[in-house]
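A quick write-up on the structure given underneath.
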Amino acid sequence: MVQILDSTLREGEQTPGVYFSPDQKMVIAQFLDQIGVDIIEVGNPAVDSEIALAIKRISQAGLNAKIGAHSLCKIDNVRKALDCGVDFLGIFFSVSKKRLQQDYNIHLDVAIEKIIEVVTFAKEQQHDLLIRYTPEDTVRSPIENVVAAASAAVKAGVNIISIADTTGYSTPFHPQRSMYFYVKTLKEELGNRGLYPQIEVHCHNDKGLALVNALDAYRAGADIIDVTTMGLGERAGIVDLAELLINLIDMGEAEKNWQLNYIDDLYNFVSQHSHISIPPHTPITGKNAFTHYAGVHVKAVAKNQQLYQSLDPHILGKKSSLALGMQSGYTAVELALKQIGRGELAENKDLVNKILQKIKVIAKRGTPIDIEKELPEIIVRFSVANHPHSLGNEICTFSV
Ligand code: HCA
Ligand code: CU
């Protein structure tokens, strides 16, 4: 079974403007734990003492998920992480040619020595610590550098090697740039050296390919996949948690592995506290993800939802819904009347048609029509209009 590492609290908090308080981090971690993610990466305690506090608290909360800290390849960073009582430590250090030359100004040998030193230190401090080493920007680094650094790291005690597509460079179907190629090659090269770490993947979404790259890695046998709530993260973010889980289930993972009915609560909470709204047409979690609108669609789904749906909203504890507007047809009004408990009005064809015409007029304001609130108002106007003592025809005076 593939494992999920959620990094909403680390990568997600690297979204410009996003800040989660320690209390909010705890709530998010609890939702993630209820959903059933395997590892929760909380942050780097060396960045801020409040992050350290959040990691400590979440580590002590008795969650099922492993709780992790992120760390530069530095002893003092590792020390701070271990002080927080984590189960998991992610250490990253790039071995790309350009980074070694232009930023660190060191040779690969020196970089590898540094990695060995830091990993050895971490393992000595805490024998049961799960350690991940990430050759940052893996897919733009020479594969021989990656294999050399990863081999040394595993020999020094690392359990997981993460392939990071730090800049969203990877692309499926490409012979040397696909995640499939990287997972296969790394497994093979390390296996040839008698090394069998777990392989993780971290896919950025700069070209909109994060999800497909993650699925490509899954197909190649990746053991752990990184995600965040709403796909938050640096620049265009990384893989979205809900989208990944739905696709993994689609590709054969057991639905019971995850409690998807908590997804909406998590997303609403994260959206509210990150002050980033979820676009309505977002797959899985958007307001319209299971909403049917145009006349032909509504008429068909009224008979069988699958006619316009390949996903079952029940797996998320949701139901599909209906929207009213310019594109609506007769059936939509009938269904909407039933929805608000006025199904008996649907018997009156003339009334249904009048309501439909009214809805089309209102729709011109260009914002969604609230069925629960506005449909009863429309009905009242019509009954006033039809009443013998009414003054004039309300249909004309209803403000839109
Ligand atoms: C970062 C870069 C990183 C690290 C991933 C990892 C990336 O923001 O520090 O440590 O596994 O995309 O390479 O997120
Ligand atoms: Cu990243």
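The values are calculated or read from the model by the stated rules, or taken from the named source; none is laboratory data. On a predicted model such as this, the values are computed, not experimentally measured, just so you know. FYI the Cβ positions are ideal-geometry reconstructions off the backbone, even for glycines, and counts take in every protein chain you see. For accessibility, only protein heavy atoms count, side chains too; no ligands or nucleic acids. Shrake-Rupley method; radii C 1.70, N 1.55, O 1.52, S 1.80 Å.
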**OP:** Work out, step by step, the length gained on full extension between residue 173 and residue 196: first 0.36 nm times the residue separation, then minus their alpha carbon distance; give nm to one decimal.
**Re:** 5.7 nm
**OP:** Kindly work out what percent of the DSSP beta bridges joining two residues of the chain are antiparallel, to the nearest 5.
**Re:** 5
**OP:** Express the C-alpha Rg of the stretch 104-147 as a ratio against the empirical globular expectation 2.2 N^0.38 Å, rounded to two decimals.
**Re:** 1.31
**OP:** Given the peptides 278-290, 125-137, arrange them by the average over their residues of other C-beta atoms within 10 Å, most packed first.
**Re:** 125-137, 278-290
Subject >> Label-to-label distance, nm, for residues given as residue 342 and residue 98 (7 Å Cα→Cβ offset) >> reply: 6.2
**OP:** Take the alpha-carbon positions of the chain, form their convex hull, and give its projected area averaged over all directions (one quarter of the hull surface) in nm².
**Re:** 23.2
Original post:
What residues have an amide H closer than 5 Å to that of residue 204, excluding those fewer than 5 places away on the same chain, when H is modeled at 1.01 Å from N in the peptide plane?
Top reply: 165, 168
Subject >> Nearest-0.05 FRET efficiency for residue 353 and residue 108, computed from C-beta distance (R0 56 Å) >> reply: 0.15
Original post:
Using alpha carbons only, how many degrees (0 to 90, rounded to 10) separate the axis of helix 349-362 from the longest principal axis of the chain?
Top reply: 50
Original post:
Roughly speaking, what is the stretch gain from residue 305 to residue 373, that is 0.36 nm per residue apart minus the C-alpha to C-alpha distance, in nm to one decimal?
Top reply: 22.0 nm
Subject >> Residue-wise HN-Hα coupling along the stretch 53-63, computed from phi with Karplus coefficients 6.51, -1.76, 1.60 (Hz; x: Gly, Pro) >> reply: 4, 5, 5, 4, 4, 5, 4, 8, 7, x, 6
Original post:
Under a 5 Å amide H to amide H cut-off, with H placed in plane at 1.01 Å, what residues pair with residue 136 once short-range neighbours are removed?
Top reply: 93, 94, 95
**OP:** Please give, to one decimal in nm, the separation of the simple spin-label points placed at residue 21 and residue 61, each 7 Å out from Cα toward the Cβ.
**Re:** 1.5
**OP:** Rank-order 375-381, 71-77, 221-227 by packing density, defined as the average count of other C-beta atoms within 10 Å over each peptide's residues, highest first.
**Re:** 221-227, 71-77, 375-381
Subject >> Long-range HN-HN contacts of residue 66 with modeled amide H, under 5 Å >> reply: 39, 40
Original post:
Can you list the HN-Hα couplings for the stretch 5-14, worked out from phi with the Karplus curve (6.51, -1.76, 1.60; θ = phi - 60°), rounded to whole Hz and with x for Gly and Pro?
Top reply: 10, 9, 10, 3, 7, 10, 4, x, 6, 8
Original post:
When the solvent-accessible surface of protein heavy atoms is calculated with a 1.4 angstrom probe, in what order do 230, 326 fall, highest first?
Top reply: 326, 230
Original post:
Which of the peptides 3-10, 312-319 is most tightly packed, and how do the rest follow, judged by the mean count of other Cβ atoms within 10 Å per residue?
Top reply: 3-10, 312-319
**OP:** Read phi for every residue in the stretch 254-268 and hand back ³J(HN,Hα) as whole Hz from Karplus 6.51 cos²θ - 1.76 cosθ + 1.60, θ = phi - 60°, with x for Gly and Pro.
**Re:** 6, 4, 6, 5, 10, 9, 6, 5, 8, 4, 4, 4, 4, 5, 5
Original post:
Could you give the length gained on full extension between residue 327 and residue 278, defined as 0.36 nm per residue of separation minus the Cα-Cα distance, in nm?
Top reply: 15.3 nm
Original post:
What nm distance separates the two modelled labels at residue 75 and residue 236, each placed 7 Å from Cα along Cα→Cβ?
Top reply: 4.2
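Shape of the stretch 1-125 from its Cα gyration tensor (a ≥ b ≥ c, root eigenvalues): rounded if a/c is under 1.5, otherwise prolate when a/b > b/c, or oblate?
Prolate shape, in that a/c is at least 1.5 and a/b is the bigger ratio.
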**OP:** At 1.4 Å probe size, with every protein chain present, just tell me what the per residue accessible area of the chain comes to in Å².
**Re:** 47
Original post:
Rounded to a whole number, what % of the accessible area of the stretch 3-274 do carbon and sulfur atoms account for, probe 1.4 Å?
Top reply: 47
